Amino acid sequence: MCNILISINPEHVENIFNGSKKYEYRKVKCKKEIDKIIIYSTYPVKKVVGEATVEEILEDSPEVIWNETKDESGINLNFYEQYFKNRNKAVAYKLKDIKKYNKPKSLLNYGIKSAPQSYVYV
């Protein structure tokens, strides 16, 4: 089991922290078993702002994943469909024990020089 750091748009980060977004969607599942997601908020924040424990990982067609997660997705169907356009698989990381850092951290605190496109193991 390990941790990953992922880049997330500030709007979605806020929805994770306010509890309306309990799933983080990705096009590709991590190869390793994931315990925790470290949250990097993209431009204009550009800081590591929190973390969440991964409760479970769902992987199926985009349609099945949406039907299972839509009530706690924190996004609308149009955004979801655009994200998974022309994809046969969707991955949803169910988040719990979400923690917002009192003081955001630099990527350098994790030995990372630039924000990952998708994720990076830490």
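Nothing in this text is a laboratory measurement; each read-out follows from the coordinates by a stated rule. Only a predicted model underlies this, so the values are computations on that prediction, with no experimental measurement involved. Neighbour counts run over all protein chains shown; Cβ positions are idealised from the backbone, glycine included.
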Got a sec? Which residues in region 97-112 would a label at Glu72 touch, if it sits 7 Å along Cα→Cβ and we count backbone N under 13 Å?
-> 97-98
Length released on extending from Phe79 to Val45, taking residue separation times 0.36 nm less the Cα-Cα span = 10.1 nm
Flagged links, alpha-carbon separation over 28 Å, of Lys32/Lys105; Lys29/Lys99; Lys89/Lys113; Lys70/Lys103; Lys27/Lys103 | Lys89/Lys113; Lys70/Lys103; Lys27/Lys103
Pop the C-beta distance of Asn86 and Asn18 into the FRET formula with R0 = 25 Å and round what comes out to the nearest 0.05.
-> 0.20
Let me know the volume per residue of the alpha-carbon convex hull for region 2-121, in Å³.
-> 104 Å³
Once phi for every residue in region 84-100 is put through the Karplus expression 6.51 cos²θ - 1.76 cosθ + 1.60 (θ = phi - 60°), the whole-Hz ³J(HN,Hα) values, with Gly and Pro written as x, are 9, 4, 6, 10, 9, 10, 10, 10, 10, 8, 7, 9, 8, 6, 6, 10, 9
In nm, what is the difference between 0.36 nm times the number of residues separating Glu56 and Val122 and their Cα-Cα distance?
-> 21.8 nm
With N set to the residue count of region 50-122, report its C-alpha Rg divided by 2.2 N^0.38 Å to two decimal places.
-> 1.32
Length-normalised contact order for region 11-99 - Cα pairs under 8 Å, 6+ apart - percent | 43 percent
Which residues' amide hydrogens lie under 5 Å from the amide hydrogen of Val122, considering only partners 5 or more residues apart or on another chain, with H built in the peptide plane?
-> Asn3, Ile4, Leu5
Pick from Leu108, Leu95, Leu58: which residue has the top mean-square fluctuation in a GNM of the chain where Cα pairs under 10 Å get a spring?
-> Leu108
Per the rule of 0.36 nm per residue minus the C-alpha distance, extending Lys29 to Val64 adds in nm 11.0 nm
Placing +1 on each Lys and Arg Cβ and -1 on each Asp and Glu Cβ in the chain, then taking the dipole about the Cα centre, the residue among Ile8, Tyr110, Asn88 whose Cα reaches farthest towards the positive end is Tyr110
